[in-house]
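The values are calculated or read from the model by the stated rules, or taken from the named source; none is laboratory data. Fair warning: this is a prediction, and the values are worked out from it, not measured in the lab. Virtual Cβ from ideal backbone geometry, glycine too; neighbours counted across all protein chains shown.
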């Protein structure tokens, strides 16, 4: 059953709940509190659509949202009171930031007329907005109930365009005030950009010409659901798949070209061309793995900050891990026919040596 779907006046809390339903949210991890009374009241009207999971501590709200995002591919949503609630949730936000997880924190605030005044109100901390901005990709403070739906919709749009946590702060007087704004409709997510055509062409040419290519996968590839694209590229190149700890789960470890972590060091030192996909690694080191100084190093990442100094990649592509890898595969197959006998029996020997080190 759906409630409050008309344009009739509703509280900011109901507007919040209605917009979350519109965005496809089905689960929220949170802890109720006095500043969130109208938020939880609003959610109660949509209990058939949204399951509220009451956590034992604010620490667990954002960690649970992070785990939910990683396991489902959907946005994980957490709801906490201001001040100590936000600070407690901070650990999970930092983890989501480091691990490129799609997490939305809806944070309570003190009343709008007290923000920044230092009145010593319940759960007041200096510059909560600044704290959230330092922990998230972005954070927005809503000052009017008519802004709630738009702020939440904007957060979901941003989460579609790149992983990492975002926050929306809603003061209690905004949650209790009335608004006649309807929920903002959502459109099918646009296809993420694969990257500049010229950049893709250069990278494809270098990868196709490589004798010992390696595909190094980071957390951005996992967040982009690039499983099939990575497997297809590895097959087309005959390139082994390796991952950072954060990239674990971005491809099936049972894939014939997947190599266990103990074999990564030898691969990265012997490669003549490595493609980093959705990884923030600092070249020429990849999670402690030394890359041969003569190797061509290509980075595909939706976040241009992943290319900044001291990184020193040969080529960079600003693009989504899934669509970018698929575009590279298409270009490479058109050049090579998709049959690259790279590494040949070397991979088996590398695996054997890695297994021997593990057992020894």
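Figures for the structure shown
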{"quantity": "Sole residue being crowded, with 20+ Cβ neighbours inside 10 Å, touching a strand residue (DSSP E or B) at 6+ places or on another chain (Cβ under 7 Å) and within 23 Å of residue 221 (Cα to Cα), chosen from 81, 103", "calculated": "103"}
{"quantity": "Hey, residue 68 in contact (Cβ under 8 Å) with a residue 40 or more places away in the chain, surrounded by 21 or more Cβ atoms within 10 Å (Cβ to Cβ) and either outside any loop (DSSP other than H, G, I, E, B) or in contact with a strand residue (DSSP E or B) (Cβ under 9 Å, 6 or more places away or on another chain) (or both) or not", "calculated": "yes"}
{"quantity": "Scope segment 169-215; condition part of a strand (DSSP E or B) and surrounded by fewer than 22 Cβ atoms within 10 Å (Cβ to Cβ); matching residues", "calculated": "178, 179"}
{"quantity": "Residue among 17, 39 that alone is within 18 Å of residue 141 (Cβ to Cβ) and part of a helix (DSSP H, G or I)", "calculated": "39"}
{"quantity": "Matching entry among 79, 105 (being part of a strand (DSSP E or B), touching a residue at least 60 places away in the same chain (Cβ under 8 Å), farther than 24 Å from residue 226 by Cα and not assigned by TED's automatic domain parsing to the domain that holds residue 279)", "calculated": "105"}
{"quantity": "Residue that is in contact (Cβ under 8 Å) with a residue 40 or more places away in the chain, farther than 25 Å from residue 201 by Cβ and assigned by TED's automatic domain parsing to the domain that holds residue 206, where the choices are 353, 254", "calculated": "353"}
{"quantity": "Restricting segment 249-271 to residues that are surrounded by 15 or more Cβ atoms within 10 Å (Cβ to Cβ) and in a loop (DSSP other than H, G, I, E, B), the residue that is farthest from the chain's Cα centre (by Cα)", "calculated": "271"}
{"quantity": "Set 145, 172, 165: member being touching a helix residue (DSSP H, G or I) at 6+ places or on another chain (Cβ under 9 Å), assigned by TED's automatic domain parsing to the domain that holds residue 42 and farther than 24 Å from residue 62 by Cα", "calculated": "145"}
